[in-house]
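Worksheet for the structure shown next.
The values are calculated or read from the model by the stated rules, or taken from the named source; none is laboratory data. All figures in this text were calculated on a predicted structure; none of them were measured in a lab. Using ideal geometry, Cβ is built from the backbone for each residue, glycine included, and neighbour counts are taken over all protein chains shown.
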Amino acid sequence: MDKVQRRVFPQGQENSTTTSQRHEELGDFSTTLRVLPISALAIVIGVICAFVALALLRLIGLFTNLFYYGHWGTALVSPAGNHLGWYSVLIPVGGAFIIGIMARYGSERIRGHGIPEAIEAILINGSRVEPKVALLKPLSSAISIGSGGPFGAEGPIIMTGGAFGSMIAQLFHLTSAERKTLLVAGAAGGMSATFASPVAAVLLAVELLLFEWKPRSLIPVALASTVAAVVRRYILGFGPLFPVPEHPLHIGPAALLGCALVGLLAGGLSALLTVSVYAAEDAFQKLPIHWMWWPMIGGLAIGLGGLVFPQALGVGYDTIGALLQGSVTTKVILGVLLVKWFIWAVSLGSGTSGGVLAPLLMMGGALGGIEAMFLPNESAGFWPLVSMGAILGGTMRSPFTSIVFAFELTHDTNVFLPLLVGSVIAHAFTVLTLKRSILTEKVARRGYHLSREYAVDPLEILFAREVMRTKVAVLPAASSLREFQKALTDHRQSQRLLPVVDASGVLVGVLTRGDLHKRVEQEGYAALRRQLCELVRRETVEAFPDEPLRSVVHRMAEKQITRMPVVERDTRKFLGLVSLDDLLKARVRHLEEERRREQVLNLRFFQPKREAREQTETPAAP
C-alpha cells in the first residue's frame with residue numbers, strides 16, 4: 001500500500017454524505033442575518049416586559065396596602081409603619097400559606113428567588129418556560145413581598161420577564177439557542193425596567209444567563225433592555241432609583257486601601273450569607289412535613305423579626321436610600337445586619353418566592369455603615385455604596401454587573417474606581433472560598449453542573465493541518481481488490497477508513513474494511529477482480545487543512561462520523577486523516593498551557609558579559 005508521509009494520528013470510520021467545498025472565510029464572529037428577526041422579536045419583548053415590571057411593582061404595592069393598612073392602593077409603601085402590633089406576625093404566615101398552595105397546586109417553579117430557575121430553564125429545559133409560570137411567579141412574589149417578605153423584585157421580574165420571552169419564542173419556529181436569547185431578553189428587559197439599569201441588565205444577562213459572549217445573543221438582549229428602559233421613563237419615571245450626595249473623584253492611597261478592606265469584608269459576608277441560606281434550606285429538608293408548609297415557618301420568622309425591627313420587612317428601598325445618604329443610626333445598621341439577615345436566610349431557605357438583590361444591597365449598605373465609623377471620611381454614604389457593590393460582586397459572582405448596577409442606581413460616576421477595587425476583591429474572596437455562588441448552588445443541588453468561566457475554545461485556534469495524521473495507508477484507484485486482499489483481511493491493521501486516490505493523489509473516495517468484506521460476501525470472487533475505483537464511496541465527508549477543529553468536530557457531530565479525510569480545497573488532493581483521537585491534541589495542548597510551569601527568562605541573561613565571565617572563572621573554595 002502507498003504511504004502519505006507527514007505526521008499525525010489514527011483514523012476510522014466515515015459516513016457517505018457529501019460536504020460543501022465552498023470556501024468559508026474565517027471571521028471573528030459567526031453571526032448571520034438571522035439576528036435581525038430575533039432582534040425584532042426582542043424589541044417587542046422589551047416593551048412587554050416594561051409593563052410586566054410595572055404590573056409587578058403595582059401588585060407589591062397593592063398587597064402591602066391591603067395586608068398592613070387595609071385599604072386599596074398600588075403605591076409602594078413600607079410595612080414598617082403599620083400599627084397592627086402582635087397581629088402583624090400573622091400576615092407573613094398567611095402570605096406564605098397562600099404561596100405554598102400556589103406552589104404545590106400551581107407550579108413548583110415559583111419557589112425560590114427566580115434566577116436559578118431561569119438558569120435551569122436555559123440549560124436543561126431548552127429555554128422553555130410554562131405559560132402558567134408567567135402568571136404565578138409575579139403574583140406569588142407580590143404576595144410574598146407585600147406580606148412583609150424581606151425580598152427584592154429583581155429575581156421575580158427576571159423569571160417573569162424570561163417566561164414572557166420564552167412564551168413568545170415558543171410561538172415561532174426557533175432553535176433552542178434562539179429561544180434562549182429571547183428568554184434572556186425578557187429577563188434583561190424586566191430588570192432594566194424595574195431598576196432603570198439597562199447596561200447592568202445586559203451585563204447580568206451575559207455573566208449569569210447567556211453563558212456565551214456572541215453578537216447573535218448580545219444584540220437582541222441589549223435592544224430589549226434598551227427599549228424597556230425607554231418605556232420605563234414614560235410609565236415609571238427616570239432614574240436614579242437611589243440619589244446620593246456627590247462623592248469625591250480623587251481619593252488617596254489610604255482610601256483605596258480602605259476599598260480593598262471593604263472588598264475583603266464584603267467577600268466574607270457574602271460567603272456567610274450564601275452558607276446561611278443553604279443551611280436553612282438543609283434544615284427545612286429534615287422536617288417531617290411536606291414542603292408546602294415550609295414557607296409558613298419562614299413567614300413566622302419574618303413576623304417575629306418584624307416585631308423586633310420593622311424596617312427589615314418588605315423590599316426596604318427607603319432603608320437603602322437612607323443608608324446611601326448616610327442618615328441612619330447605629331441601631332438601624334445593626335438591625336439590618338442581624339434581623340434582616342436572619343429572616344431573609346430563613347424565609348428564602350423555606351422555599352418562598354422573592355429576589356436577592358435588594359436584601360444584598362441593604363446588608364451591604366449596613367456593612368458599609370459600620371466601616372464608615374473607622375475608615376477615612378470620603379463624604380456621606382461613600383462606604384455604604386462601595387460595600388453594596390462589593391456584596392453584589394461577591395455574592396452573585398458578577399463583578400462587572402455589580403459595578404455598573406451600583407452606578408446606574410445612583411448615577412455617581414466618581415465611584416467607579418472604588419467599586420472596581422471592592423467588587424473584584426470580594427469576588428476573588430468568594431471564588432477562592434466557595435465552589436458555587438448563591439445562584440448556582442441551587443442548580444447544583446438539583447443534580448446539574450455549570451461553569452461560569454468564559455474562554456476561547458482550544459478547538460477554535462487549532463487547524464486540521466496541525467493534528468491530522470499523514471502516515472496512513474492509501475489505496476490506488478486503478479488497482480484491483482485482489483492485490484490488497486491479504487492486507488485488508490489482516491486484523492493487525494488498525495486503520496479502518498481507507499482513502500482511495502488516483503495517480504495524481506486526488507481523492508476518489510473512501511472504503512472501509514466492512515465495505516470490502518460485505519462486497520466479497522455478496523459477489524464472491526467476482527468482487528476481487530474489480531478495481532477499487534468501482535467500489536469506493538464517492539460521496540465523502542471531508543475536512544480541509546485550513547479549517548478550525550471546531551468546524552471539523554461540528555461536522556462530525558452533524559454527520560455522525562468519527563473520522564474523515566483531509567484534502568486540499570481546490571484540487572482535492574489527499575493530505576491525511578483526522579479523527580476524534582486527533583482532536584484530543586487540542587485539549588492536551590490546552591492542559592499543558594494550564595499546568596506546565598517554566599522559567600522563560602533567566603536573570604543571568606541581564607548580567608554584563610564580563611561579570612558573568614568572572615563568575616564562571618572563579619575557582620571553587622577548597
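Figures for the structure shown
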{"read-out": "Residues that are assigned to a helix (DSSP H, G or I) and more than 22 Å from S88 (Cβ to Cβ), drawn from the range 321-336", "value": "G321, L323, L324, Q325, T330, I333"}
{"read-out": "Unmet criterion (only one of (1) surrounded by fewer than 16 Cβ atoms within 10 Å (Cβ to Cβ); (2) under 26 Å from M159 (Cβ atoms); (3) among the hydrophobic types (A, V, I, L, M, F, W, C)) for L269", "value": "(1)"}
{"read-out": "The range 202-221, residues that are buried (at least 23 other Cβ atoms within 10 Å of the Cβ) and more than 18 Å from L450 (Cα to Cα)", "value": "V202, S217, P220, V221"}
{"read-out": "Residues being among the aromatic types (F, W, Y) and buried (at least 18 other Cβ atoms within 10 Å of the Cβ) - total across the range 406-442", "value": "2"}
{"read-out": "Test: residue in the range 261-271 that is assigned to a loop (DSSP other than H, G, I, E, B), farther than 17 Å from S347 by Cα and either in the same structural domain as M388 (by TED's automatic domain parsing) or without any contact (Cβ under 8 Å) to a residue 24 or more places away in the chain (or both)", "value": "no"}
{"read-out": "Condition check for A358: in a helix (DSSP H, G or I), of a type in the set (A, V, I, L, M, F, W, C) and modelled with pLDDT under 90", "value": "yes"}
{"read-out": "Selection status of L33, at pLDDT 80 or above and either part of a helix (DSSP H, G or I) or in contact with a Gly (Cβ under 8 Å, 6 or more places away or on another chain) (or both)", "value": "no"}
{"read-out": "Candidates A201, A222, A228 - the one that is assigned to a helix (DSSP H, G or I) and over 21 Å from the mean Cα position of the chain (by Cα)", "value": "A228"}
{"read-out": "Single residue of F374, F309 found to be of a type outside the set (S, T, N, Q), under 23 Å from S141 (Cβ atoms) and surrounded by fewer than 23 Cβ atoms within 10 Å (Cβ to Cβ)", "value": "F309"}
{"read-out": "Filtered residue count, the range 569-616, keeping only those that are hydrophobic (A, V, I, L, M, F, W, C), at pLDDT below 75 and over 33 Å from the mean Cα position of the chain (by Cα)", "value": "6"}
{"read-out": "When residues of the range 349-378 are limited to those that are of a type in the set (V, I, T) and in contact (Cβ under 8 Å) with a residue 60 or more places away in the chain, the one farthest from G148 (Cα to Cα)", "value": "V356"}
{"read-out": "Single unsatisfied condition, S479 versus (1) among the hydroxyl-bearing types (S, T, Y); (2) surrounded by 14 or more Cβ atoms within 10 Å (Cβ to Cβ); (3) modelled with pLDDT of 75 or more", "value": "(3)"}
{"read-out": "Single residue of the range 339-350 satisfying the filter (surrounded by 24 or more Cβ atoms within 10 Å (Cβ to Cβ) and not aromatic (F, W, Y)) that is farthest from V244 (Cα to Cα)", "value": "S350"}
{"read-out": "Set S197, S192, S127, S140: member being buried (at least 24 other Cβ atoms within 10 Å of the Cβ), under 28 Å from V404 (Cα atoms) and at pLDDT below 90", "value": "S127"}
